[in-house]
Amino acid sequence: MLATWDPGTDRFEHFAWGVTPELAVRVGKRAGDFEVEVERRREYLRDLVAAGISARAAVRAEITAYRPLAAKGTRTS
């Protein structure tokens, strides 16, 4: 993540918006679809934490089982 500290707001300001279009192109997605998938993965990880799943093997199994949303006209396995 590209970020900088903003002392005026006392928080980090992220600049993901600056690299998201390029990352999307690199993985063959539209920027909007890429952003949706990134948010979905963030929620998935947050839910693992909320469920108390923290053992390395369990986290690895959950991440391995994760399936991204299929883009229109494509299928995921």
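The values are calculated or read from the model by the stated rules, or taken from the named source; none is laboratory data. The model shown is predicted, which means the values in this text are computed figures rather than measured ones. Glycine gets a Cβ as well: all are built from the backbone with ideal geometry, and neighbour counts include every protein chain shown. Note: areas computed on protein heavy atoms with side chains; ligands, DNA, RNA excluded. Shrake-Rupley method; radii C 1.70, N 1.55, O 1.52, S 1.80 Å.
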What is the residue count in the stretch 1-46 for residues that are in a helix (DSSP H, G or I), open to solvent by 70 Å² or more (accessible area, probe 1.4 Å), in contact (Cβ under 8 Å) with a residue 12 or more places away in the chain and not basic (K, R)? 2
Within the stretch 4-13, identify whether any single residue is at pLDDT 90 or above, closer than 26 Å to R60 by Cβ and either of a type in the set (D, E, K, R) or out of contact with any Leu (no Cβ under 9 Å at 6 or more places or on another chain) (or both), and answer yes or no. no
Would you say T64 is open to solvent by 80 Å² or more (accessible area, probe 1.4 Å) and in a helix (DSSP H, G or I)? yes
